Amino acid sequence: MEGTIRVEGDTVVNQISYKKVFFKGDFSLEALVGLVRENADEGKLWFWNNLDNQEALVMDLNLAPGDTFPVANTSDCWDGDSGGPIIQVAEVYSLESKKVISMDCWHGGSFIGGDSLKFIEGAGPNATLFLQNKNLDYEIAGIGYRLCRILREDTLAFPLFSDVDFCGIPTDVQEIHGVEGFSIFPNPAGSSVALFHFMPLSKPVSWRLYDGFGRKVREKTLEAGDSRAEVSLVGLAGGIYYYLFEKEGTAISSGKLLVVE
């Protein structure tokens, strides 16, 4: 079975701002199933489903090997009447320069790959949000949907530079440096970066820059007839960013940009 989670909009509960979470399964209409919020600085994510009376922590990137984390709903770790297991961090490693916390427990059963529960920087829990909450309908929570694609503004946001997604399905966006003659300079960059094309463009091309959490931090449009554009990086923290060139909604070039302060 497949399902799609869509996050949009804002709502305030107890003076805290949340995003609305919508779910649509194979044979169901899209429905509002809860709220989500994050603290990107702390690497934490909370989900509040429609049937619980409080939010639940569903991701924590500050965990270390040996630390424990309570989970309400993992079918291969289910602990009967206790409301769910206390699972342990088995490993911490990097994936595409992003932190991954891997637990010692599978989620969702081998029918979705038998993957261990993971928290992935810039992506979220690989068991989606639902598996770690009580009282949500079995059709959603009990199945344990495996995370495949992360889209932001209809663009694959993570894995950023892979030709397959988390489920091994070919993606629509690949790392294609230099296609159609695009380049950026300098790289590493300081206060600004220049976008180049080897000849004047026949159609507009958009350029977007994303941080490690997939948040868009800069954008620029090269209009028809342009071959160069300057983008200010003032105010950005030093680190690795990810850029994407698009023409008529199709990714045509991408890469990494190192910003130095």
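The values are calculated or read from the model by the stated rules, or taken from the named source; none is laboratory data. In this text, all values refer to a predicted model and were calculated from it rather than measured experimentally. Every residue, glycine as well, gets a Cβ built from its backbone with ideal geometry; the counts of neighbours run over all protein chains shown. Only protein heavy atoms, including side chains, enter the accessible area calculation; ligands, DNA and RNA are left aside. Shrake-Rupley method; radii C 1.70, N 1.55, O 1.52, S 1.80 Å.
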>> I'd like to verify a number: residues in the stretch 38-82 that are crowded, with 18+ Cβ neighbours inside 10 Å, among the hydrophobic types (A, V, I, L, M, F, W, C), modelled with pLDDT under 80 and over 20 Å from residue 92 (Cβ atoms), how many?
In response: 1
>> When you check residue 254 against the structure, is it surrounded by 12 or more Cβ atoms within 10 Å (Cβ to Cβ), closer than 22 Å to residue 95 by Cβ and touching an Asp or Glu at 6+ places or on another chain (Cβ under 6 Å), yes or no?
In response: yes
>> Looking at the stretch 219-240, I want the residues that are of a type in the set (Asp, Glu) and have a partner that is outside any strand (DSSP E or B) and open to solvent by 50 Å² or more (accessible area, probe 1.4 Å) with Cβ atoms under 6 Å, at least 6 apart or on another chain. Which pairs are those?
In response: 223/204
>> Please go through the stretch 145-156 and give me each residue that is under 18 Å from residue 253 (Cα atoms) and either among the aromatic types (Phe, Trp, Tyr) or modelled with pLDDT under 80 (or both), ordered by number.
In response: 152, 153, 154, 155, 156
>> Considering only residues that are within 14 Å of residue 232 (Cα to Cα) and open to solvent by less than 70 Å² (accessible area, probe 1.4 Å), which ones fall in the stretch 189-209?
In response: 189, 190, 192, 193, 194, 195, 207, 208, 209
> Checking residue 245 against (1) open to solvent by 20 Å² or more (accessible area, probe 1.4 Å); (2) at pLDDT below 90, which single condition isn't satisfied?
Replying inline: (1)
> Under 9 Å by Cβ, and 6 or more places apart or on different chains, what pairs join a residue from the stretch 87-104 that is closer than 15 Å to residue 213 by Cα and of a type outside the set (Ser, Thr, Tyr) with one that is at pLDDT 90 or above and open to solvent by 60 Å² or more (accessible area, probe 1.4 Å)?
Replying inline: 99/93; 100/91; 100/93
> Would a scan of the stretch 18-36 turn up a residue that is of a type in the set (S, T, N, Q) and closer than 24 Å to residue 213 by Cα?
Replying inline: no
> Within the stretch 120-144, can you find the residues that are at pLDDT 75 or above, over 21 Å from residue 211 (Cα atoms) and not in a helix (DSSP H, G or I)?
Replying inline: 127, 128, 129
> Got a number for residues in the stretch 1-55 being over 27 Å from residue 167 (Cβ atoms) and of a type in the set (Ser, Thr, Tyr)?
Replying inline: 3
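Step by step: first the residues of the stretch 230-242, then only those that are part of a loop (DSSP other than H, G, I, E, B) and among the small types (Gly, Ala, Ser), then the one that is most open to solvent (accessible area, probe 1.4 Å). Which residue is that?
235
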>> Please count how many residues of the stretch 23-51 are hydrophobic (A, V, I, L, M, F, W, C) and under 16 Å from the mean Cα position of the chain (by Cα).
In response: 5
>> Between a residue in the stretch 183-204 that is without any contact (Cβ under 8 Å) to a residue 60 or more places away in the chain and any residue that is open to solvent by 80 Å² or more (accessible area, probe 1.4 Å) and of a type outside the set (Val, Ile, Thr), which pairs come within a Cβ distance under 6 Å, given they are 6 or more apart or on different chains?
In response: 192/230; 194/185; 194/230; 196/228; 204/223
> Across the stretch 21-64, what is the number of residues that are over 15 Å from residue 128 (Cα atoms) and touching a Ser or Thr at 6+ places or on another chain (Cβ under 9 Å)?
Replying inline: 1
